[in-house]
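Engineer: Below you'll find the structure I mean.
The values are calculated or read from the model by the stated rules, or taken from the named source; none is laboratory data. Everything numeric in this text was worked out from a predicted model, so none of it was measured. Here Cβ is always computed from backbone atoms with ideal geometry, including for glycine, and neighbour counts include all displayed protein chains.
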Protein chains: 2
Amino acid sequence: MTARLRIALDAMGGDHAPDMVVAGADLARERCPNVSYLFVGDEAKIRALLEKHPAVKAIAEVRHTPDFVAMDAKPSQALRGGRNSSMRLAIDAVAAGDAACVVSAGNTGALMAIAKFVLKTLPGIDRPAIASFFPTLKGESVMLDLGANLECDAQNLVQFAVMGTVFSRTVLGLLEPTIGLLNVGSEEQKGHESIRQAAAALRATPLAKNFHGFVEGNDIAAGTVDVVVTDGFTGNVALKTAEGTAKLYAEFLRRTFGSSLMAKLGYLLARGAFQKLKLRTDPRRYNGAMFLGLRGVCVKSHGGTDAVGFANAISVAFNLATNQFNEKIGAELAKLQAALAAAPEGNPIAGPDTPPADPSKVAAV
Amino acid sequence: MTARLRIALDAMGGDHAPDMVVAGADLARERCPNVSYLFVGDEAKIRALLEKHPAVKAIAEVRHTPDFVAMDAKPSQALRGGRNSSMRLAIDAVAAGDAACVVSAGNTGALMAIAKFVLKTLPGIDRPAIASFFPTLKGESVMLDLGANLECDAQNLVQFAVMGTVFSRTVLGLLEPTIGLLNVGSEEQKGHESIRQAAAALRATPLAKNFHGFVEGNDIAAGTVDVVVTDGFTGNVALKTAEGTAKLYAEFLRRTFGSSLMAKLGYLLARGAFQKLKLRTDPRRYNGAMFLGLRGVCVKSHGGTDAVGFANAISVAFNLATNQFNEKIGAELAKLQAALAAAPEGNPIAGPDTPPADPSKVAAV
């Protein structure tokens, strides 16, 4: 028997868990060769579902716990009180080498707090970041941080640029992804101090050749760069603003096709083409936000997703785990550190040896 | 002859100035009863254009200056070096009582810097803010600040809420507009300190009954609240992200209708309905960002707009000037101040008597 890559699944996280977790695992199985699953949660419920998905049952182990993290729990509560929660035990399995990666559709803040506590950050990375990818005019791009760190200094932003670059190479297959720092203008004097310092630091690294400079909000969807780097507050607002705007236009489209008999007939003719568009822009296609910078692969699925969306999140985790994503981040950082070791103005991407960031600035996502 | 409301126009600001300024003034003339114009800029060019627009010529005065502010000038340069620029002289006309309001499609940062210096802020307002309105699922809403102040404290945000409320009443005709603070989650413990303090302060004012609490990026297009309050950095990114996403979907739509013969036929049938949608979502309809909080009405048009968009910006300025917008802000602030005078925890919206905000935090837009 071939060695299977085992994925730990928080079976109790998400609005439609555990049903969509098991069904999603079944869908993902077809896209992830030699995968196996460790379901963590209410064993009776999970076993009952596995009966309906015999192909999953054949590659599944179940770890029972009656506890789970509530969707509205505070991260600190979940961290202290949730030691036997399905989320915590699924992450523990990664830390123990019992699974290659973990996927959860549970409470984001709790997942980040527990993952950070259990897995720790990678050498050279001060703070993990949440990343996701998006449709653009040119294809797809990656943005980070989407909410793990509300305030970021220049060093955090440079580390995010490194992680985003490796992510873009690993998951989107781009050889030389371009990087942009999200700002309110493209001129050098614009924006917060931390962003301007990060720009200067990036220009002093080997990433300089791929650094496009500042980008603005409209550049995200335009696909001006492959990796959009920002702090977690701005990234979270931008992500949700884009989602809201997409919904608004989908609704405008629906109303327009329903507004007259001619428009309705027009829709009947164009329906095939619009179904393709719907597939292309299906938010489930973009489900699966990665927690980058941890010593272990942790993927967060949207809480309200269904089996199709959850299967996508599993695929992303599978992809990161099989492609030695974390090892590549380490190698990339080492390369940058070496190039910068003798930099006269100091090392802009120095890691854990530098004083820790102000703890008051750490997000309670 | 009836007294006419005179609008000062920076004839040289914008990519297509002065042509679109004069043509826009002609279009706006039909919507603004008893308007007259003060064109400031290159007299020969303006006079030549007025010959083509005799109805405008009849209500126009021209103030000549050969100087203008370059689109890429730094605000500080424009302020120091541009004393005879068309932008500066148009704003001076408002300060001198020679015009009721001013419209410019020139450099945003320069316009804000000069308007702030010449007109000063309203009593009780520490910082002016840029506001604009947007299409939503429910109609239209207002967001501010869109880029005048990159960092804002709680007091600034509360003052923005007051200005946004009065704006929404005056321009959108809402009696009791609801207010939301843009954040990364709706729970009380979320977000930056300044946002949480602003929420607490708003709950202690007479605006509390209209204060919805925190809203997220997706709430902007959903129309969850009528007034979205945020700092200038976040607002600018959110505005441009929404614009970029709208463009992306328009392009997806274009590609979808062109993707097959059936889809093309469908478009022919639905074309009428889509032309209505295009009108509804035409960015020119939303042209005209207001500089709120100044002792004078100043409206910024998009630099790349045409006559139709510029006419909209003129209409917005006309609307604010005829509706005593600034007087209403003053009255609303006075009402809040009175209600708060004896507040035990101090006055959360105190004006100029409080120490001035950290000047290093003022934006170079």
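Engineer: If I filter segment A:287-303 for residues that are within 14 Å of chain B (Cβ to nearest Cβ) and either within 30 Å of B:ALA270 (Cβ to Cβ) or of a type in the set (A, V, I, L, M, F, W, C) (or both), do I get at least one hit? Show your work before the answer.
Structural biologist: To start, the set of residues in segment A:287-303 that are within 14 Å of chain B (Cβ to nearest Cβ) comprises A:289, A:302-303.
From the residues that got through so far, the ones that are either within 30 Å of B:ALA270 (Cβ to Cβ) or of a type in the set (A, V, I, L, M, F, W, C) (or both) too are A:289.
Taking every residue of segment A:287-303 in turn, at least one turns out to be within 14 Å of chain B (Cβ to nearest Cβ) and either within 30 Å of B:ALA270 (Cβ to Cβ) or of a type in the set (A, V, I, L, M, F, W, C) (or both).
Engineer: Looking at (1) within 14 Å of chain B (Cβ to nearest Cβ); (2) at pLDDT 95 or above, can you tell me which one A:GLU251 breaks?
Structural biologist: (2)
Engineer: Within the group A:LYS264, A:LYS190, A:LYS240, which residue is among the charged types (D, E, K, R) and touching a residue at least 24 places away in the same chain (Cβ under 8 Å)? First the steps, then the outcome.
Structural biologist: On the way: A:LYS264 fails: touching a residue at least 24 places away in the same chain (Cβ under 8 Å); A:LYS240 fails: touching a residue at least 24 places away in the same chain (Cβ under 8 Å).
Only one candidate passes the filter, namely A:LYS190.
Engineer: Within the bounds of segment B:48-57, is there any residue that is over 18 Å from the mean Cα position of the chain (by Cα) and basic (Lys, Arg)? Walk me through how you get there before you give the answer.
Structural biologist: Taking segment B:48-57 first, the residues over 18 Å from the mean Cα position of the chain (by Cα) are B:48-57.
Going one step further and asking which of them are basic (Lys, Arg), we end up with B:52, B:57.
Yes; the residues of segment B:48-57 include at least one that is over 18 Å from the mean Cα position of the chain (by Cα) and basic (Lys, Arg).
Engineer: List pairs: first residue in segment B:34-47 and farther than 20 Å from B:ARG83 by Cα, second residue outside any strand (DSSP E or B) and β-branched (Val, Ile, Thr) anywhere in the structure, Cβ distance under 6 angstrom, at least six positions apart or on different chains.
Structural biologist: B:ASN34/B:THR2; B:SER36/B:ILE59
Engineer: Determine which member of the set B:ILE130, B:ILE91 is within 14 Å of chain A (Cβ to nearest Cβ), within 22 Å of B:ALA8 (Cα to Cα), surrounded by 24 or more Cβ atoms within 10 Å (Cβ to Cβ) and β-branched (Val, Ile, Thr).
Structural biologist: Values: B:ILE91 fails: within 14 Å of chain A (Cβ to nearest Cβ).
Going through B:ILE130, B:ILE91 in turn, just one is within 14 Å of chain A (Cβ to nearest Cβ), within 22 Å of B:ALA8 (Cα to Cα), surrounded by 24 or more Cβ atoms within 10 Å (Cβ to Cβ) and β-branched (Val, Ile, Thr): B:ILE130.
Engineer: Any idea how many residues of segment A:58-70 are of a type in the set (A, V, I, L, M) and more than 27 Å from the chain's Cα centre (by Cα)? Spell out how you get there, then give the answer.
Structural biologist: Taking segment A:58-70 and keeping what is of a type in the set (A, V, I, L, M), we get A:58-60, A:62, A:69-70.
Now drop any that are not more than 27 Å from the chain's Cα centre (by Cα), which leaves A:58.
Adding up the residues that qualify gives 1.
Engineer: Let me ask you something else. In segment A:263-315, what residues are outside any helix (DSSP H, G or I) and among the basic types (Lys, Arg)? Break it down stepwise before answering.
Structural biologist: Just the residues of segment A:263-315 that are outside any helix (DSSP H, G or I), to begin with: A:281-282, A:287-306.
Of everything in segment A:263-315, those that are outside any helix (DSSP H, G or I) and among the basic types (Lys, Arg) turn out to be A:ARG295, A:LYS300.
Engineer: Can I ask one more? Checking the conditions here, which among B:GLU61, B:GLU51 is without any contact (Cβ under 8 Å) to a residue 24 or more places away in the chain and surrounded by fewer than 16 Cβ atoms within 10 Å (Cβ to Cβ)?
Structural biologist: On the way: B:GLU61 fails: without any contact (Cβ under 8 Å) to a residue 24 or more places away in the chain.
Exactly one of B:GLU61, B:GLU51 is without any contact (Cβ under 8 Å) to a residue 24 or more places away in the chain and surrounded by fewer than 16 Cβ atoms within 10 Å (Cβ to Cβ), namely B:GLU51.
Engineer: Looking at (1) out of contact with any strand residue (DSSP E or B) (no Cβ under 6 Å at 6 or more places or on another chain); (2) modelled with pLDDT of 90 or more; (3) of a type outside the set (A, V, I, L, M), can you tell me which one B:ASN84 breaks?
Structural biologist: It is condition (1) that B:ASN84 fails.
Engineer: A further question on this structure: I'd like to know if segment B:153-170 contains one or more residues that are facing chain A (nearest Cβ under 9 Å), touching a residue at least 24 places away in the same chain (Cβ under 8 Å) and not basic (Lys, Arg).
Structural biologist: No, the conditions are met nowhere in segment B:153-170.
Engineer: Then there is this: When only residues in segment B:199-248 that are facing chain A (nearest Cβ under 7 Å) and of a type in the set (Val, Ile, Thr) count, which is farthest from A:ILE220 (Cα to Cα)?
Structural biologist: Per the criteria, the residue is B:ILE220.
Engineer: Moving to a separate point now. With respect to A:SER186, determine if the residue is modelled with pLDDT under 90, touching a Phe, Trp or Tyr at 6+ places or on another chain (Cβ under 7 Å) and among the hydroxyl-bearing types (Ser, Thr, Tyr).
Structural biologist: Working: modelled with pLDDT under 90: yes; touching a Phe, Trp or Tyr at 6+ places or on another chain (Cβ under 7 Å): yes; among the hydroxyl-bearing types (Ser, Thr, Tyr): yes.
When the stated conditions are applied, A:SER186 passes them.
Engineer: It is to be established whether one or more residues within segment A:305-322 are within 14 Å of chain B (Cβ to nearest Cβ) and farther than 30 Å from B:LEU268 by Cα. Let's see the steps before the verdict.
Structural biologist: Start the filter on segment A:305-322 by keeping residues that are within 14 Å of chain B (Cβ to nearest Cβ), which leaves none.
Checked against the condition, which is being within 14 Å of chain B (Cβ to nearest Cβ) and farther than 30 Å from B:LEU268 by Cα, segment A:305-322 yields no hits at all.
Engineer: Among the strands (runs of 3 or more DSSP E) lying completely within segment A:1-103, list those that include at least 3 residues that are in contact with a Cys (Cβ under 8 Å, 6 or more places away or on another chain).
Structural biologist: Numbers: elements: A:5-10, A:35-41, A:60-64.
Per the criteria, A:5-10.
Engineer: Further, regarding this structure: What residue, of A:LEU146, A:LEU137, is closer than 24 Å to B:ALA246 by Cβ, buried (at least 19 other Cβ atoms within 10 Å of the Cβ) and within 14 Å of chain B (Cβ to nearest Cβ)? Reasoning before the result, please.
Structural biologist: On the way: A:LEU137 fails: buried (at least 19 other Cβ atoms within 10 Å of the Cβ).
Just a single option satisfies the conditions, and that option is A:LEU146.
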